[in-house]
Amino acid sequence: MAEIEGQPLSLADALGQALQGSTDVRIAAARLRAARGAARRERGAFDPELFADINHLDQESPSSSVFSGTSLQTTTTSGGARVTLPFGTQLRASLDAVRTETNAPFTLLSPEYDATGTLSLRQPLLKGFGPGTYSERSATTRELEAARARYEDALASVRSDVERSYWELYAAERDLAVARLIREQATALLNQAQLRAKAGLVGPGQVATAQVFLAEQEQASLDRQEALDQASDRLATLIGARPPDGVVRFRPSDEPPTQFPVDPEADLVTRALRSNPELQARERDVAAARARYKGAKWNAYPTFDVFGSLGGTGLSGTPQDVIFGGDTLRTTVNGSLGDAIAQARRRDFPSWTAGATVSIPIGFRAGGGERDRLRAEAERTEAVLVAGQRSIADDVREQHRELVNAGARLDAARRGVSASIEQVRIGVLEYNYGRTTAFELTRLSADLAAASQRYSQALVRTARAAAQLRYLTTGGTPPATPRGEGTE
């Protein structure tokens, strides 16, 4: 294995590069930012809002009456604050001020200042009440939690995928090493068969057998090399990095552990159902769908709002003498715009309103249809959650069985390799003494290659199962025990 070309790469470095370069992580991070923005937008619907407006009118018009003027200048200013509360309550505090100046002959105040202050309330009692108003805020908050869980799931998934690909690369490298070793043995066998044929100890059939075996092993070596390159490419895609220029592939510098202490199956299933990020995300999806459905139930009702207001008005301005017949008329009102506003604020001239409004749609099709749609969507997300729980429980049980049987599987594979090596050793001795044929020796060598590959697969199968179980249970498996000496 040390003779195989490539850039050494540790599992820790592969995981570090993957978390930085993985497109899945970047996509999950972007979705998390989008969900955070949507939640902030919906929370902002209940933020207080300041408003202001100003409008000036300057108008010259002909007049056919002695009571009207030809010039009018009006400046209207309004401003205040308004807010919608989570239960649908709409509050508004406003102040309107109007400055009017005209050349009408019977105007007692010019300029004239009018001010109106109003505090109004509107409360929906059916449509728009409570969940009908804040359901979208609740839904986007749950969707933010789901996006955060899916981001954590993406991180865990990338770690699991990289670890599994890393051990697959290790198995592919080990298989290539075995294939090259068998090819060298096939070359030696062919050379020996040719020498024995020249000495008349064997016939041409055994030489041909050795040639066929060498050709097969050369092809197998090329196949294993291509498989190693493909495994390296898959790992490079996952981590978002390629080997340096001039280097064809990555080579794993770590070896897979062989022993994993495993908790009882029931505990692992419970832990996965409680802690798996994807299941947590699906639970938040269900909560978001239920919030929208709850809001749609309220918004399917008719509109019935009650409203009311308290207000006050004020009047001031610059008095003007008005001569009417032989009399001179003069108002006692005098002051500035501030005086008019103070009167409105003190409610020197109070006002109030109260009322209700009702709107009943005929057929209730729009609100009822949306309610039914969101109820079906909530049922769908609940079914998706149940399906995910069942699937993850099955996966946990499957991977648990893999790890429970890992020790016995590795031990059997190790014994198979040892027995195959002994078979080849004995076969070579018997071939040297003319007790067996080249055909039998090639068969034994092929058995050795198959046994070595099964051992590689057993190593990787165990490591992959442990990585998948950690992902499903969010790190629920204990650390692996490093592989001891003499296990190859």
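Using the Karplus curve 6.51 cos²θ - 1.76 cosθ + 1.60 with θ = phi - 60°, what ³J(HN,Hα) values do you get for each residue of segment 211-216, in whole Hz, with x for Gly and Pro?
So the Karplus estimates, Gly and Pro as x, are 5, 4, 4, 5, 4, 5 Hz.
Mind listing the phi-derived Karplus ³J(HN,Hα) values for segment 108-124, rounded to whole Hz, using 6.51, -1.76 and 1.60 with θ = phi - 60°, and x for any glycine or proline?
Per residue, the Karplus-derived 3J(HN,Hα) values read 7, 10, 7, x, 10, 10, 10, 9, 9, x, 9, 10, 10, 9, 9, 10, x Hz.
Hey, can you grab everything whose amide H is under 5 Å from the amide H of S253? Only 5+ residues off in sequence or another chain; H modelled, so Pro and N-termini drop out.
Long-range HN contacts for S253: L9, S10, L11.
Please calculate the 1.4 Å probe accessible area of H400, with all protein chains present, and give it to the nearest 10 Å².
Rounded to the nearest 10, the figure is 20 Å².
Aspartates and glutamates near K297 by alpha-carbon distance under 19 Å, same-chain residues fewer than 8 away left out - which ones?
Cα-Cα hits under 19 Å: E136, D285, D305, E370, D372, E377, E379, E382.
Roughly what percent of Cα-Cα pairs across segment 149-241 reach past 19 Å? Let's see the in-between values first.
Details: 2452 of 4278 pairs.
The calculated P(r) of segment 149-241 puts 57 percent of pairs beyond 19 Å.
Just subtract the alpha-carbon distance of A29 and V322 from 0.36 nm times their residue separation and send over the number in nm, one decimal. Could the numbers behind the result be given before it?
On the way: separation 293, 0.36 × 293 = 105.48 nm, distance 7.49 nm.
Contour length minus the Cα-Cα distance gives 98.0 nm.
Report, to the nearest 10°, how far helix 265-275 tilts away from the longest principal axis of the Cα atoms in the chain, using its own Cα long axis and a range of 0 to 90°.
It is inclined by approximately 30 degrees.
On the full set of protein chains, 1.4 Å probe, figure out the accessible area of F87 and give it in Å² to the nearest 10.
About 110 Å², rounded to the nearest 10.
Show the residues, 5+ positions off or on another chain, whose built amide H is closer than 5 Å to the amide H of V202.
Placed amide hydrogens put A197 under 5 Å from V202.
Can you list residues from other chains, or at least 5 along the same chain, whose modelled amide H is less than 5 Å from the amide H of F349?
For F349, the qualifying residues are T313.
Could you look at segment 90-216 and say what percent of its accessible area is carbon and sulfur, using a 1.4 Å probe and all protein chains? Each step should come with its number before you reach the end.
Numbers: 2980 of 5480 Å².
Percent of accessible area from carbon and sulfur atoms in segment 90-216: 54.
For the chain, what relative contact order do you get, as a whole percent, if you take Cα pairs closer than 8 Å and at least 6 residues apart? Display every interim value, and only then the final one.
Working: 859 pairs, mean separation 107.3, N = 488.
22 percent.
So what J values fall out for segment 333-343 if you push phi through Karplus, 6.51 cos²θ - 1.76 cosθ + 1.60 with θ = phi - 60°, rounded to Hz, Gly and Pro as x?
Computed from phi, the couplings for segment 333-343 are 6, 7, x, 9, 4, x, 5, 5, 5, 4, 4 Hz.
Over the chain, what lengths in whole Å, largest first, do the semi-axes of the equivalent ellipsoid take, defined as the square roots of 5 times the eigenvalues of the alpha-carbon gyration tensor? Write down the numbers at each step before the final one.
Details: eigenvalues 1627, 127, 59 Å².
Sorted largest first and rounded, they come to 90, 25, 17 Å.
Rank A18, A104, T74 by how far each Cα sits towards the positive end of the charge dipole of segment 1-126 (+1 on Lys, Arg Cβ; -1 on Asp, Glu Cβ) and give me just the farthest.
About the Cα centre, the residue reaching furthest to the positive side is A18.
Measure out, as a whole number of angstrom, how far apart the alpha-carbon centroids of segment 1-50 and segment 192-252 sit.
40
Order the peptides 193-201, 90-98 from the highest to the lowest mean number of other Cβ atoms within 10 Å of their residues. Could you put the intermediate results ahead of the total?
Details: 193-201: 14.2, 90-98: 17.4.
So the peptides 193-201, 90-98, ranked by packing, come out 90-98, 193-201.
Angle, helix 11-21 long axis vs. longest principal axis of the chain, Cα atoms, 0 to 90°, nearest 10?
30
So, for segment 205-271, what is the accessible surface per residue at a probe of 1.4 Å, expressed in square angstrom?
Numbers: 3540 Å² over 67 residues.
That works out to 53 Å² for each residue.
With unit charges on the beta carbons (Lys and Arg positive, Asp and Glu negative) and the dipole taken about the Cα centre of segment 139-210, which residue among L176, A149, A199 sits farthest to the positive side?
A199
Computed over the Cα atoms, what is the radius of gyration of segment 116-162 divided by 2.2 N^0.38 Å, N being its residue count?
Details: Rg = 20.5 Å, N = 47, 2.2 N^0.38 = 9.5 Å.
Scaled against compact globular proteins, the figure is 2.16.
Quick check for you: with a 1.4 Å probe and neighbouring chains kept, what is the accessible area per residue of segment 335-464, in Å²?
Normalised by residue count, the accessible surface of segment 335-464 is 59 Å².
The values are calculated or read from the model by the stated rules, or taken from the named source; none is laboratory data. The shown structure was predicted, so the numbers you read here are calculated from the model rather than taken from an experiment. FYI the Cβ positions are ideal-geometry reconstructions off the backbone, even for glycines, and counts take in every protein chain you see. When the accessible area is computed, the model is the full protein with side chains, heavy atoms only, and any ligands, DNA or RNA have been set aside. Shrake-Rupley method; radii C 1.70, N 1.55, O 1.52, S 1.80 Å.
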